[in-house]
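As structure tokens, the structure follows; a few thoughts come after it.
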Amino acid sequence: MNDKRQDKVTITEVAKRAGVSTATAGRALGGYGYSRKEIKARVKQAAEELGYRPNLLARGLITGKTKTIGVVAGDIQSPFYASILRGVADVTRAAGFGILLTNSDERIELELEAVQLLREKQIDGLIIAPSDLSDSAHLQAAILDGCPVVLIDRAIRNLAADAVCVDNREASRDCVARLTAAGHRRIGLVAELERWNGGNVADFLAAVASGRVDSSTLFPSWQRLYGYIDALRDAGIPVDPDLIGRVGLYSGEGARKETQRLLDLPNRPTALFSADGLMSAAAMGIITSLDLQIPRDLSLICFDDLDWMSFLKPGIAAVVQPLTEMGEAAARLVLSRIDGNEGPNQRLALRPRFAERGSIAAPPSL
């Protein structure tokens, strides 16, 4: 016979067992208001004996705190976000907070739904990878309502929120500088470059040349293009728009087509820089299909370090992003705001490291 109790134990039952009022039991278990030590001990013992589990949402209505952080990731299947979430979870757990995770698929309409859902759940703070760097009214509303917001991976201009990003521009500049130092002058770039309100790649190059682009509020792939431009300028090499492979969306098939186009050019690039993990995997597929040998026929550097890059012989040089550290930093920032820190907004740009393997050599004689 199953004698397990099926209904939930209520705070009223705990209070009766402990011999106190319901309000006193609520204060003792909720950690708000004043209760004598002996009363707290008696109430907690009664709760344990009865198997009482607190209703965090109900407690939140009283205290204004639910001890939960909402997280909106761009793609929860991506190893990129998995590593960031690990950092968030480690820090929040240590502080006694839980996380509620949602996914936006990098679509603003899904992001709006996710933020609304999390706010209905009475989260104490929000960590989000924004899918739109101009439409931030929903995040502004959250901040005005007292919900701290921390942005990860990208920042929004004129939003009073902390942000934790990677120094994409400088990391890309360093990558391309390594290629120019090896003697390369025709360096191809394969990048998503999906969203920029200023027009196409030619418009972007013109805007950069005239100093009209604030790289801090660009999407990461555009920041990496900016770093590519910086390095070529530093080396005195003109930027050739034909060598910039704009995929236009986060697509492996699109990346394969752009890589194929670059490597089919009559005067093809002698080196290739891929701007994220998906672009890199697609590019490697085309490089292999063309039977090109790295680095004899083509030097290669990838932004994002994936497992297979160290398994190949030779290994593939890559930018290693501090993803877990990004999550940890974002969690510390949001917890600090929840604790009442009203200091100036912080915008952290973490420095990645470079994994130098065997994929860079002097350009071949074509």
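The values are calculated or read from the model by the stated rules, or taken from the named source; none is laboratory data. Note that the structure is a prediction, hence the values are computed from the model and not measured. Glycine gets a Cβ as well: all are built from the backbone with ideal geometry, and neighbour counts include every protein chain shown.
Numerical summary
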{"read-out": "Residue match in segment 270-285 (condition: charged (D, E, K, R) and within 25 Å of the chain's Cα centre (by Cα))", "value": "yes"}
{"read-out": "Test: ASP305 is buried (at least 16 other Cβ atoms within 10 Å of the Cβ), in a loop (DSSP other than H, G, I, E, B) and either under 19 Å from the mean Cα position of the chain (by Cα) or at positive phi (or both)", "value": "yes"}
{"read-out": "Identity of the residue in segment 94-118, buried (at least 16 other Cβ atoms within 10 Å of the Cβ) and touching a residue at least 60 places away in the same chain (Cβ under 8 Å), that ends up farthest from TYR81 (Cα to Cα)", "value": "PHE97"}
{"read-out": "Residue within segment 215-228 that is buried (at least 17 other Cβ atoms within 10 Å of the Cβ), touching a helix residue (DSSP H, G or I) at 6+ places or on another chain (Cβ under 8 Å), assigned to a loop (DSSP other than H, G, I, E, B) and of a type outside the set (A, V, I, L, M, F, W, C) present", "value": "no"}
{"read-out": "Total residues in segment 64-98, condition in a helix (DSSP H, G or I) and small (Gly, Ala, Ser)", "value": "5"}
{"read-out": "Verdict on GLY211 being in a loop (DSSP other than H, G, I, E, B), out of contact with any strand residue (DSSP E or B) (no Cβ under 9 Å at 6 or more places or on another chain), more than 19 Å from ASN158 (Cβ to Cβ) and at pLDDT below 95", "value": "yes"}
{"read-out": "Residue in segment 134-148 that is in a strand (DSSP E or B), without any contact (Cβ under 8 Å) to a residue 60 or more places away in the chain, more than 14 Å from PRO220 (Cβ to Cβ) and β-branched (Val, Ile, Thr) present", "value": "no"}
{"read-out": "Near pairs, Cβ below 7 angstrom, 6+ apart or cross-chain, from segment 330-346 (more than 15 Å from ALA163 (Cα to Cα) and assigned by TED's automatic domain parsing to the domain that holds ILE143) to any residue that is in a loop (DSSP other than H, G, I, E, B) and not polar (S, T, N, Q)", "value": "ILE338/ASP124; ILE338/PRO148"}
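To keep it simple, each residue is scored yes or no on (1) modelled with pLDDT of 90 or more; (2) at negative phi; (3) of a type in the set (Asp, Glu).
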site	(1), (2), (3)
GLY183	yes, no, no
ALA206	yes, yes, no
GLY227	yes, yes, no
ALA235	yes, yes, no
GLY248	no, no, no
GLY252	no, yes, no
